[in-house]
Amino acid sequence: MWRYKAFLPVNEEDRIATAGEGDTPLRRLSSFHGNVWVKDETKNPTGTFKDRGASLAVTALSALGVKDLALSSEGNAGCSFALYSHIAELSCQVFLPRKANPAKVELSQKLGAKVISVDGTIADAGRRMEALAKSKRCYNASTFVTPYRHDGKGTMALEICEQLGWKVPDYVVYPVGGGVGLVGMWKMFSILEKIGWVNKRPRFVAVQPAGCAPVVTAYNSKRVDVDEWKNPETIAFGLRIPRPLAGKWILRCLRESDAIALSVTDAEIRKSMGQALKDEGLLLEPSSAATIAALPHLYDEKMIDRSAEVVLIATGSGLKTLEQFQG
């Protein structure tokens with residue numbers, strides 16, 4: 001992704017913390033009767049698109065003299081920041097819900113991060129982390145607290161356009177948790193349109209699990225902010241965000257793109273995980289498979305036409321969530 005350094009908030013002399021993130025494949029989904037592509041972010045160093053945001057954030061923070069950082073995470077961001085902090089020789093503490101996938105906990109630890117398990121949701125982990133950050137004077141690198149993570153993920157928009165011959169897809173289907181990638185891509189699509197590299201922006205399709213769908217509910221109810229979802233329950237741990245901190249920004253991006261927002265059940269997500277593996281050779285975690293689970297709704301309920309060009313964002317690998325696969 002550092003081929004696009006001119007679009008990122010860093011200086012020429014900054015030491016880049018990189019492990020080869022970005023430049024992920026854009027591959028056709030052959031099992032669907034439509035013009036569907038998958039942006040396969042599972043090919044990033046820790047198997048997730050979180051690596052883009054962590055690479056940029058750690059690069060920028062290291063240049064600013066930050067030595068100690070902490071963040072709350074559902075798991076993938078913890079792994080990413082553990083890796084890039086190790087590369088940049090920063091200390092890293094990760095606060096995770098106790099229900100986080102065991103592989104994500106172990107990988108964060110093996111990469112050198114200190115992992116603190118917290119009862120409850122990511123919101124509870126965030127409160128514990130904020131208290132530490134204030135008392136210990138370490139930097140809070142959590143979603144939309146640090147201003148760098150969304151710009152790193154925005155490079156997905158650049159790559160998608162380049163891989164399509166500098167065309168913009170009609171739709172981008174995105175699984176919404178904290179919304180960093182959605183906001184980052186919308187910002188980048190907007191920049192590309194303003195500088196004349198593309199002539200339009202895509203419509204977003206925001207997907208959330210039925211057991212935790214605060215953004216879908218708020219958007220379809222035409223609210224200006226997102227209310228907290230009570231008792232979130234879903235196998236898609238990465239989307240188990242009761243109230244995204246950037247709720248207003250997410251809703252603004254969805255409104256500006258004339259988006260579609262829908263929820264899918266855990267049963268549909270599990271089925272899509274199996275289908276993606278059998279039909280496409282894609283090993284996806286539940287959060288990623290939610291985008292594939294949305295396709296039958298989009299086509300069968302005639303929300304989108306089969307001739308439309310659609311890009312799904314496959315956000316993370318199923319290698320870290322093997323316990324959630326059904327044999």
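The values are calculated or read from the model by the stated rules, or taken from the named source; none is laboratory data. Source: prediction; values computed, not measured. Glycine also receives a Cβ, built like all others from the backbone with ideal geometry; neighbour counts cover every protein chain displayed. Quick note on the areas: whole protein, heavy atoms, side chains included, nothing else; ligands and nucleic acids left out. Shrake-Rupley method; radii C 1.70, N 1.55, O 1.52, S 1.80 Å.
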Worksheet entry | Candidate aspartates and glutamates for bridging to residue 153, where Cα separation is under 16 Å - those fewer than 8 sequence places away on the same chain excluded | 21, 23, 40, 41, 51, 162
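Fully extended, how many nm does the chain gain between residue 256 and residue 15 (0.36 nm per residue separation, minus their Cα-Cα distance)?
Values: separation 241, 0.36 × 241 = 86.76 nm, distance 3.58 nm.
So the extension gain works out to 83.2 nm.
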Item to complete: Could you name the lysines whose alpha carbon sits less than 28 Å from that of residue 230, not counting residues in the same chain fewer than 8 places away?
Response: 50, 99, 104, 134, 222, 248, 271, 320
Discussion item. Suppose R0 equals 35 Å. What FRET efficiency, 1/(1 + (r/R0)^6) with r the Cβ-Cβ distance, do residue 191 and residue 130 give to the nearest 0.05?
Written reply: 0.65
Worksheet item: Just 303, 273, 188 to compare: in a GNM of the chain, with alpha carbon springs under 10 Å, which one fluctuates most?
Response: 303
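Could you sort 252, 203 by accessible area so the largest value comes first, with the probe set to 1.4 Å?
Details: 252 135, 203 70 Å².
Largest accessible area first, the residues go 252, 203.
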Practice prompt. Taking a cut-off of 16 Å between Cα atoms, list the lysines near residue 136, but don't count ones fewer than 8 places away on the same chain.
Written response: 67, 114
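Can you give the translational diffusion coefficient of segment 188-327 in µm²/s, computed by Stokes-Einstein from the Kirkwood radius over Cα pairs at 25 °C and 0.890 mPa s?
Details: Rh = 16.0 Å.
Estimated via Stokes-Einstein, D reaches 153 µm²/s.
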Practice prompt. Return the whole-Å distance between the Cα centroid of segment 184-235 and the Cα centroid of segment 12-71.
Written response: 19 Å
Worksheet item: At a probe size of 1.4 Å, how large is the accessible area of residue 166, to the nearest 10 Å²?
Response: 90 Å²
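Mean projection of the alpha-carbon convex hull of segment 281-327 over all orientations, in nm²? If you can, show how the numbers build up before the last one.
On the way: hull surface 16.2 nm².
With every direction weighted equally, the projected area is 4.0 nm².
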Worksheet entry | Percent of Cα-Cα distances greater than 17 Å, calculated over segment 50-177 | 58 percent
Worksheet entry | Range of Cα positions in the chain per principal axis (Å), largest first | 53, 44, 39
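What translational diffusion coefficient, to the nearest whole µm²/s, does segment 1-119 have by Stokes-Einstein, given a Kirkwood radius computed over alpha-carbon pairs, a temperature of 20 °C and 1.002 mPa s viscosity? Don't skip to the answer; put the middle values down first.
Values: Rh = 15.2 Å.
So the translational diffusion coefficient is about 141 µm²/s.
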